[in-house]
Structure formats: structure tokens, C-alpha cells
Amino acid sequence: MKKTVCLLLACIILLMPISSCAQSAEKVSDSFLLMDTLITVTLYATPDTDTAAIFSECRAILEELDALWSRTEEESVTTCFNLAKKGPFAADWKTCDLLERALKISETTGGAFDITVAPIVMLWQRCEEEQRLPTDAEMLLALSQTDRKSLYVLGTNIIKREDGTQIDLGGIGKGEAISYLVTYLESCPIEGALVSFGSNVAVVGNKPDGRNFRVAVKNPIDGNDYAKVLELSAGQVLSVSGDYERYYTIGGEQYHHIIDPATGYPAESGLCSVAVICEDGALADALSTALFVMGETRAREFYASGVYDFEAIFITSDGVVSTTDSLQ
Ligand code: ADP
Ligand code: MG
């Protein structure tokens, strides 16, 4: 009850200045191709705002994070860590902070989300290049190297327990990056902003008319239909993980990119898409991947356990849409 009152007050306070200058705010967008993703930042700002400077800072923030976490960049922290022998690996605090949270999510999701899945992801990439399926021996080796307990963070060191431990931040880095952008945009002289990483969307402030931004979640089974249209309030992040956007094509078959760390194969949990809404971008991103792997029954048990504060939308492979309580 108290929370509702606070929220209402916050809305009233926010709405007043927004409606008073509603006439003058303009919509301006810029897009960047980074993190293997088309990123679009849309600003609602008065014409005298230096939006070019804001876009340029957004790009700089993203470039810095991409340079840290890319698995294909030769000099990235991820690549250097992956090539390092076991022992302490000195890293920057942004990476250590993200890794610490990623490992906690791994633990709480029983390994459904696991950044040490990198050897399996690389095996699938190699198999796609060579147009063949992984052999049992290759998969067993990659599975043996996938172990969330094989690393931990100590201050600004990542302790690697096994030589073969490698990390892939593809399931959490974009969400973390979106939160960095939100923090920056909140400090800018703008009315509101919408940041889209394709499968991750966040909002800052409100639209100039004072309303919340509306975001549609696609139903992949019925391409013409939306599973749900959501109103995202300031600070909320929406992350979607689906089996229909990124995949490895081998012998004409598609193998999607969300791996079940227990089997090494694309997760077959009866879901084709999961959307998570919460206030932490990294958590939204990682949980959408984790819930997809868990399947709806386990995911709902996890939700009910209350470990994290989030809401979710589930779309089964038959196109049935359901949501957690607060979204109904
Ligand atoms: P997208 O990158 O399209 O937004 P996700 O957020 O679901 O999709 O992340 C999928 C990516 O995360 C994969 O491409 C891979 O790099 C990595 N990944 C795959 N399976 C897992 C998993 N079980 N746990 C953690 N990361 C994973
Ligand atoms: Mg994700």
C-alpha cells in the first residue's frame, strides 16, 4: 500500500514538468551496430538539447563495454581470461561486478544460466562452420569444462580453478550495458528515452505526453500477433529470450542458441519465448535465458520462491501465452 502511494506521488511529480513542456519535446533516434546487435537509442528532448553529444556518449559507453566483454575481440577481458591458465586473473571492477552477479544467478537458477557455457557455445559455432553435429566425445569434453563452480571473484581478481574454464557473457552483457545507458541517460537533460537492443528494451522517464512507453512482445508462433503489450515505467527493463532469432544452421536444420548447460544441446523446454521485466538489466537478460532453459513449470516455481523481484511472460512452442501474477 505504502509503495503504491509512493509510486503515485512519484508519477504526479514526474508528470507536471513533462506536461508543461510537452509541446517542445522532439523525438530523435540514432542506431549503432555493436555487441553483435542493432542498438537504437530514441531521445525525447527539446530542440536546444545537444542530442549529438548524448548519442556520442552512448556510443562511447557501449564501445567500452563491448571491448571488455566481447568473446571475439582479441584484446577483450573475456578473451584474455579464456586464454589464461588457472589461477588469479586481474580484471577491471565492471567485469568483476558483473561476474559476481552472473555467478549468483547461476547458483540460484541451479545452473540453468551459466556463463561457463562458452566451450559448448564455441563447439556449436565450430560445428556450424564445419557443417556437422558435435560428436559425443566433443560434447562430453565441453560439458566437463562447463562448471559454474570453476571460477569465483575475489576483489578485482577472477580466480580460475581449471585451465579449461571459459566464459561467455552473451546472455547477460547486453542487459548490463542497457543499465549503464539508462544510468547515463537519467543524468541527461531530456524528457525521456527508449533504448532498444532488439531483445532488451529499457525506458528512461516518460513520453512527452506523460504516459508510460508501450512495448509489444511478439508471439513468434503467430507472427502477425503480439503476445502482450506492456507499459514500461521508468527504470524498467524488458528482456526476451527466444528460439527464433539466433541459431546455428547445420545441414539445413536450425539449432537455436540458448543452450541447456545440463545437456549441451539447445534447450527444449516446451517454450519458444520468455520475456522478463525487472529493474536490473543484467538480471532481466540472464533470467530470460535461465527461465527459457528451465521451462514453464520450473520457472514458475523459481518465480514463486521470490529470490528475485521480476515478472515474466511465457510463450509455449504451441503459441500459448501466460504471465506471472502481476502482469495479468
Ligand atoms: P540474445 O543474445 O539473443 O539476447 P539471450 O539473452 O537468451 O539471447 O542469450 C543467449 C546467449 O547467451 C547465447 O548466444 C550464448 O552466447 C549465451 N548462452 C547460451 N545459453 C546460455 C546459458 N544457458 N547460460 C548463459 N548463457 C548462455
Ligand atoms: Mg538473456
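The values are calculated or read from the model by the stated rules, or taken from the named source; none is laboratory data. Computed from a predicted model, the values in this text were never measured in an experiment. Neighbour counts are summed over all protein chains in view; Cβ atoms, including those assigned to glycine, are modelled from backbone coordinates with ideal geometry. When the accessible area is computed, the model is the full protein with side chains, heavy atoms only, and any ligands, DNA or RNA have been set aside. Shrake-Rupley method; radii C 1.70, N 1.55, O 1.52, S 1.80 Å.
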Checklist entry - Does anything in the stretch 154-175 have its amide N under 16 Å from the 7 Å Cα→Cβ label point of residue 128, and if so which residues? => result 168-171
Checklist entry - All other residues with a Cβ under 12 Å from the Cβ of residue 175 taken together, and with Lys, Arg as +1 and Asp, Glu as -1, what is their net charge? => result -2
Item to check | 11 Å beta-carbon shell around residue 43, net charge (K/R +1, D/E -1) | outcome: -3
Checklist entry - Alpha carbon centre of the stretch 233-279 versus the stretch 310-328: separation in Å? => result 15
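How long is the gain from residue 254 to residue 135 if the chain were fully straight, where each residue apart is worth 0.36 nm and the alpha carbon distance is subtracted?
Values: separation 119, 0.36 × 119 = 42.84 nm, distance 1.73 nm.
That works out to 41.1 nm of additional length.
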Item to check | Phi to ³J(HN,Hα) by Karplus 6.51 cos²θ - 1.76 cosθ + 1.60 over the stretch 282-299, Hz, x for Gly, Pro | outcome: 4, 5, 4, 4, 5, 5, 5, 5, 4, 5, 4, 5, 5, x, 5, 5, 5, 5
Item to check | Residues in the stretch 86-106 reached by a label modelled at residue 159 [backbone nitrogen below 13 Å; 7 Å Cα→Cβ] | outcome: 87-89
Checklist entry - Sorted by accessible area (1.4 Å probe), largest first, how do 135, 116, 183 line up? => result 183, 135, 116
Checklist entry - Quick one: what does P(r) look like for the stretch 233-328 with 10 Å bins over all Cα pairs, in whole %? => result 16, 49, 27, 6, 1
Next on the checklist: Need one word for the stretch 144-237: rounded, prolate or oblate. Basis is the Cα gyration tensor (sqrt eigenvalues a ≥ b ≥ c); a/c below 1.5 gives rounded, then a/b vs b/c decides.
Outcome noted: oblate
Next on the checklist: I'd like the accessible area for residue 122, computed on protein heavy atoms only with a 1.4 Å probe and all protein chains in place. Round to 10 Å², please.
Outcome noted: 50
Checklist entry - Got a sec? What order do 73, 129, 107 fall in by accessible area at 1.4 Å, biggest, i.e. largest, first? => result 129, 107, 73
Next on the checklist: If I take R0 = 51 Å and measure r between the Cβ atoms of residue 48 and residue 144 in this structure, what FRET efficiency does the formula 1/(1 + (r/R0)^6) give, to the nearest 0.05?
Outcome noted: 0.30
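Under a point-charge model restricted to the Cβ atoms of Lys and Arg (+1) and Asp and Glu (-1), what is the dipole moment magnitude of the stretch 6-323 relative to its Cα centre, in debye to the nearest 20?
Once rounded to the nearest 20, the dipole reads 480 debye.
Would you mind finding the longest exposed-site-free stretch of the chain, with exposed trypsin sites (Lys or Arg not before Pro) meaning DSSP loop and at most 16 other Cβ atoms within 10 Å?
The segment 1-84 is the longest one with no such site.
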Next on the checklist: I need the shape label for the stretch 6-323. Rule: rounded when a/c is under 1.5, else prolate if a/b > b/c, else oblate, with a, b, c from the alpha carbon gyration tensor.
Outcome noted: prolate
Checklist outcome for this item: Probe 1.4 Å, heavy atoms of protein chains only: per residue, the accessible area of the chain in Å² is 48
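Would you compute, from DSSP H runs of 4+ residues alone, the mean residue ellipticity of the chain at 222 nm, taking -39500 (n - 2.57) per run and dividing by the full residue count, rounded to the nearest 500? Don't jump to the answer; show the numbers that get you there.
Values: 9 runs with 121 residues, N = 328.
Rounded to the nearest 500, it is -12000 deg cm²/dmol.
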Checklist entry - How high is the FRET efficiency from residue 107 to residue 36, r the C-beta distance, R0 35 Å, rounded to 0.05? => result 0.85
Checklist outcome for this item: Magnitude of the Cβ-charge dipole (Lys and Arg +1, Asp and Glu -1) of the stretch 136-204 about the Cα centre, nearest 20 debye, reported as 180
Next on the checklist: Tell me the carbon and sulfur percent of the accessible area for the stretch 6-323, rounded to whole percent, probe radius 1.4 Å.
Outcome noted: 51
Next on the checklist: Need one value: the accessible area of residue 156 in square angstrom, 1.4 angstrom probe, rounded to the nearest 10.
Outcome noted: 70
